Each structure stands twice: as structure tokens, then as C-alpha cells.
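Only one structure is covered here, and it is reproduced in the block below.
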Amino acid sequence: MKRLTYLGCAALSVAVAGGVLYVHGVAPATLAMALALLLVPCWWCCSSFAGYGARRLPRRCPPLTRRPAAGPAAPQAGKPRLPDYLYRNRAAARQPSGQHSMEQRPIQFYYQGDIVRVQQQPPTRTVLQFLRDERHATGSKEGCAEGDCGACTVAVGELRHGKLVWRNVNACLMLLPALDGKALLTVEDVAALAPHGLHPVQRALVEQHGSQCGFCTPGFVMSLFALASQHPGAGRAEVIDALSGNLCRCTGYRPIIDAGVAACAAPPCLPDPEPIAAALHTMSEAPALDYRAGGARLRSPRTLAELAELYAAVPEARLLAGGTDLGLWVTKQLHELPELIALAHVDELKTIEHDPEWLRIGAAVTLTDAFAALVAEYPELAELARRFASPPIRNAATLAGNVANGSPIGDSMPALIALGARLRLHRLGAERELALEDFYLGYQHNALASGEFVRAVLVPRRRPSNAAPFIRAYKASKRYEQDIATVFLALAITRDDSDVVQDARLALGGMAAVPSRAPQAEAALIGRPWNAVAVEAAMNELQHDFSPLSDLRGRADHRQRLARRLLWRAWLDSQGMTPLQLDELEPIALPAPEETL
């Protein structure tokens, strides 16, 4: 009966079409042939519309699984509803540490008032691609796709010591699974927080004329939002540091900085933390993530034992911590990454421990938190911490990731080598320690065995003041902020009461295939008084320690001169003859020109 109905509808449609063609003078033979050809597609379209043909079309996505009638009672009003896989696996989700089950499930995060569950997106898809392509949230822009321009900046919220904390990150580098269990805030969401349509940050940018073409403005908004949320009342210096990862090509930075100062002086305007915290607690009950899509797989273990067992079984997998380097493999090098193991939810890797001898920084500790601990112990590293990449990068990247990548121009390694840092390596319950300078065997080649990973970076605690070494770290680059070092020099000089050098550790980056010590320059200092003659002798030995290459950042002879002059600068610093620092220059306001007719 249904088929007869569909056939009648199709015949009626063909008759109407035939009448139109006849009125326009189409020949009868041509008309008959056209009507016959139209009959079959018209019948199929009608049946599909009614549901007959639809039953024969494959589903693109599986239907949502309904909770069975015998399932748990409905959640209370105002509380986020737990997804079905949580009801089926609640017992596993609540297992104590070390017994977490890992189950295939969607990526989930809090976004725009609800828990979003993502399936069928490759695990190497970036947050920016998801926002723009899937959610059509095009306020976040793509300028460089490598974390340099900041146009893609978003805010990610996490619970830290029971408090909701927002930090700005680069959405162009952050892989979608890194959002699992977190909250996301974009520039589209910020305006909704204000009762009058513009967030105080946005209003300040308007009033201070801080936007021209507007392409970079969303990133500035999100960086200033994160600053105002964490440091209300921040001054000009804090605003400048907070914006070091955001580039503007037309407006100029003065009005943007003025807007940032004004926005931080305004009362905080933040999302209500209670529903977000409730959602984060809800998502924390999910089993460990095992996500598969697009021919790739990402697993996120919860314990060190799970991580070690998984990595030993799949040693070809790539470890994902902050993703600021791995993200470039995706966006720039277009690498296929079929196996990923995320470290973000391994609690043992997220701790910073202090004991009398060592400062232990876990492999999943972000650079922001790691540098805070390092600078508290060694204030001489404050400039290194401030000039290392940018806040959005430091909020995502990890110290152990920077160390393990082993870039010859990485900023952290020379300073850590000069301090005498060591690495704690882990493989299937067995651990060993290695001096950081011995970790690098060659360019892109390190001492890790198959299935072995960095568990923690160990930095010696500062010694008593009478035995403390003289420590300095200098970065020479083409730009002051957000730039790769041409040469990086770090040193720790220990002297006795007679000012004779007892120990010298000089480490340099940008001078060889790996960050390295300068043994001959060190030998020229040890056992000699710390004076200009000894320092000049060490400067001359640097040419025997290194044979740098020429590249876009500098010629080989330029790098040699830089290394020598940085060592001489350290000598001047030790004698209280510190040269003028760039960050010591204060901006001045010129008087306004007189108005003329």
C-alpha cells in the first residue's frame, strides 16, 4: 500500500512537470522520454521523505544511547547529567588510584553551559579547528598555526586546590583530547559575562582605541581576561608580560597596554564557578580516556604504573604532555600520529616536591608552575622565566617536555645543566637517574631506552649563602620576547673565601647540536682567582669548546663573539658593574602637541 502511495505521488509530480514542459512547446517524443526518466527519481525521493528510502540509507552517526529504564534515578535539578557510560562503569570510575579502568569513550569538556562530548574527530585535531569548523565559533583566529601570534588564544579552566583557575593557551596547538575533563572559554563567551554586552576587557579596548583591523583583538581579549582573573589590579609591567604572546600588526601596543591596565583595575567579571566546578567534578568520575577516531588512537592513563605498562607495550607511541611541540608536527609538518599517550591525568607526574637536597618537578608540571618553583629557589632565573616563549605556551608546555625534546636552542637546558640538574627516568617500575648533560647523545638523540620516559627533573636546592655559587643566565635573541635564542649562556661559579674558583659550570645553547658544557673554558677558571684575567682566558677557550653552525639566526663567528661577550657580561655583573638592562628602560610620555588651526 505504501509503495502505491509513493508511486501515486511520483506520478502526480511527473504530470505537473509534463504540463509545464508541454506549455513551453517541448516535442511529444522528447516529453515522453523526459517524463519516464523523471518517474524513478521522483518515486525514490517521495519514499525517502516518507521514511521508506531512509531505512535503506546507512547512518552517518550512531544514534544516541538511551539510558535503560532500570538505570539510576534522574539527577537532581541543576546538576549536570552523567553520560550513559558513567552509569555503566561507575564502579570502575571510582576505583582507587592504581586500579583505573581505561575505556573507549568520547572526549568531554565544559563549554557554553554544558558538557560537550566529542566523537569521530581525530585525536590530532586542534581545538581551534574544532571551534571554527565544527562549532562555527570563528572569533578565535588562525594567524600562524604555531603559537607565535596569539590570535587563537582561548582560556582553559581547571580546579586547582579546589579553586577554578583560568589560564590562556594557544588553541592552534592544543590537541582536542587535551581538553578532556576541563572547561573552555572563548571570545564569544566573554561578552555574555557582562550585563551590558561588553566585558570590561572588551570595553577598555574600545575606549582606549586598542583595535584597528581587529584580527588579533580576540587573542588580546582572552589574554587580558586570563590576567584580570588571576591578578586583579595588575600594573603595566604585568600587562606587558601577559601580552608577550600576542602580536598586533597595525594598532600599536600603547593603547592595548593602556586598555589592559584599565581592565585589570575594573571589578573582576568571571563566569559563575559553581556550575563549572560541578561539571568538572562530574567529568572526573569518567574512566580513563581511550579515544579512537580517524585511524588514530589516544590513551590517557591515570597512574604511573598504567603509563609505564602502556608505554612499554606501545613504545612507538608519542607521549603528549603540553603538545606545544607535538602540535607543530600536526599543523606544520603534517605528520600522522597513529598512537598517542597523554600524560595530563597521571597525578604522580603533576607534583612539585621539596626535600633538603632536591627540587623535584614532575614530567606533567607546566612551565608556568615549574618556573614559579625555580625562581623561588633561584631568583637569578627570573628573566629566563619571563622570556621563555609566552604565557599561553608556558601554561600548556612542560619543563620535562622541553628537556626531553633536546632542542639545541632550548632555553631551559643550559640553565638546568649549570645548576647541576638530573633526570629521573622510569620504565616498568625501574628507575634510574642521569645528569642532564649526559642525557643528550646527539642531535635529536637521547639516552632513553625503549619504553622509558622522564618521570621528573631534579634540581639541587640552593646551598647556604656562604657557599652559594654565582649564577647567571643570559639569552641573546633578535627579539626580546617570544623568540628563539641565538646563543644562551648559563653559569654557576663557586668561589672560596679567597675568591678562588672552586667549581665552574658553563652551559651553552645554540653553539652545538645539543646543549653542552664548555669543559675547556671551565678548566681555565677552576683554581684561579675570579678576575678579569681568568675570565678572558676562559673566553678564549670557548672557541675550542664549540664550532657553531651558521643559520638564519646568526653566523658561526657571530655566535662565537656572542658567547664570549656574554661570559664577559657575567664578570661585570659579579663586580657590580651591571650594564643597563632593556627591561629597566621606562617609557616616557611626550607632551601633547599644541593644537593648530
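The values are calculated or read from the model by the stated rules, or taken from the named source; none is laboratory data. What you see is a predicted model, and the numbers here were worked out from it, not measured in a lab. Here the Cβ positions follow ideal geometry from the backbone for every residue, glycine too, while neighbour counts run over all protein chains shown. When the accessible area is computed, the model is the full protein with side chains, heavy atoms only, and any ligands, DNA or RNA have been set aside. Shrake-Rupley method; radii C 1.70, N 1.55, O 1.52, S 1.80 Å.
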(request) Find how much the distance from Val314 to Asn405 grows on full extension, using 0.36 nm per residue of separation minus their present alpha carbon separation; answer in nm with one decimal. (result) 30.8 nm
(request) Calculate the dipole size of segment 470-578 relative to its Cα centre from +1 charges on Lys and Arg beta carbons and -1 charges on Asp and Glu beta carbons; express the result in debye to the nearest 20. (result) 460
(request) Obtain the nm distance between the two label points defined at Val533 and Leu552 by a simple spin-label model: each point lies 7 Å from its Cα along the Cα-to-C-beta direction. (result) 4.6
(message) Set the bar at 25 Å for Cα to Cα. Now go through Lys141/Lys182; Lys350/Lys475; Lys182/Lys350 and name every pair that lies beyond it.
(response) Lys350/Lys475
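Evaluated at 10 °C with a viscosity of 1.306 mPa s, what Stokes-Einstein diffusion coefficient in µm²/s does segment 348-460 have when Rh comes from the Kirkwood expression over alpha-carbon pairs? Display every interim value, and only then the final one.
Numbers: Rh = 14.1 Å.
Reported coefficient: 112 µm²/s.
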(message) 7 Å from Cα along Cα→Cβ at both Val165 and Ala382: what's the point-to-point distance in nm?
(response) 2.1
(request) Enter the accessible area per residue of segment 195-265 (Å², integer; probe 1.4 Å; all protein chains in place). (result) 44
(request) Quick one: pull the percent of accessible area on segment 470-578 belonging to carbon and sulfur, 1.4 Å probe, ligands and nucleic acids left out. (result) 51
(message) Whole-Hz ³J(HN,Hα) for each residue in segment 233-247, computed from phi via Karplus 6.51 cos²θ - 1.76 cosθ + 1.60 with θ = phi - 60°, x for glycine and proline: what do you get?
(response) x, 4, x, 4, 4, 5, 5, 4, 4, 5, 9, 5, x, 10, 9
(message) About the Cα centre, and with charges only on the beta carbon of Lys, Arg (+1) and Asp, Glu (-1), how big is the dipole of segment 134-270? Nearest 20 debye, please.
(response) 220
(message) Considering only protein heavy atoms and a probe of 1.4 Å, how much of the accessible area of segment 348-460 is carbon and sulfur, as a whole percent?
(response) 51
(request) Mind checking the full-extension length gain between Glu586 and Ala447? Use 0.36 nm per residue of separation minus the Cα-Cα distance, one decimal, nm. (result) 45.4 nm
(request) List the residues whose amide H sits under 5 Å from the amide H of Leu320, counting only those 5 or more places along or on another chain, with H placed 1.01 Å from N in the peptide plane. (result) Ile341, Ala342, Leu343
(message) Given R₀ = 30 Å, what would the calculated FRET efficiency be for Gln112 paired with Leu328, taking r from the Cβ atoms and rounding to 0.05?
(response) 0.55
(message) Take His196 and Ala372, extend 7 Å from each Cα along the Cα→Cβ direction, and tell me the distance between the two endpoints in nm.
(response) 3.3
(request) Report the FRET efficiency, 1/(1 + (r/R0)^6), for Thr351 and Ala265, where r is their Cβ-Cβ distance and R0 is 56 Å, rounded to 0.05. (result) 0.95
(request) Take the alpha carbon gyration tensor of segment 195-265, find the square roots of its eigenvalues, order them as a ≥ b ≥ c, and report rounded if a/c is under 1.5; if not, report prolate when a/b exceeds b/c, else oblate. (result) oblate
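Determine the gain in length on full extension of the stretch Ser284-Arg236; use 0.36 nm per residue of separation and subtract their C-alpha separation, reporting nm with one decimal.
13.5 nm
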(request) Please report, in debye to the nearest 20, how large the charge dipole of segment 319-450 is about its Cα centre when each Lys and Arg carries +1 at its beta carbon and each Asp and Glu carries -1 there. (result) 300
(message) Going by Cα centres, segment 147-199 and segment 372-416 are how many Å apart?
(response) 23
(request) Heavy atoms only, probe 1.4 angstrom, no DNA, RNA or ligands counted: give me Asp148, Asp133 ranked by accessible area, highest first. (result) Asp133, Asp148
(message) As an exercise, use a Förster radius of 22 Å and the Cβ-Cβ distance of Ala468 and Ala523 to find the FRET efficiency, rounded to the nearest 0.05.
(response) 0.50
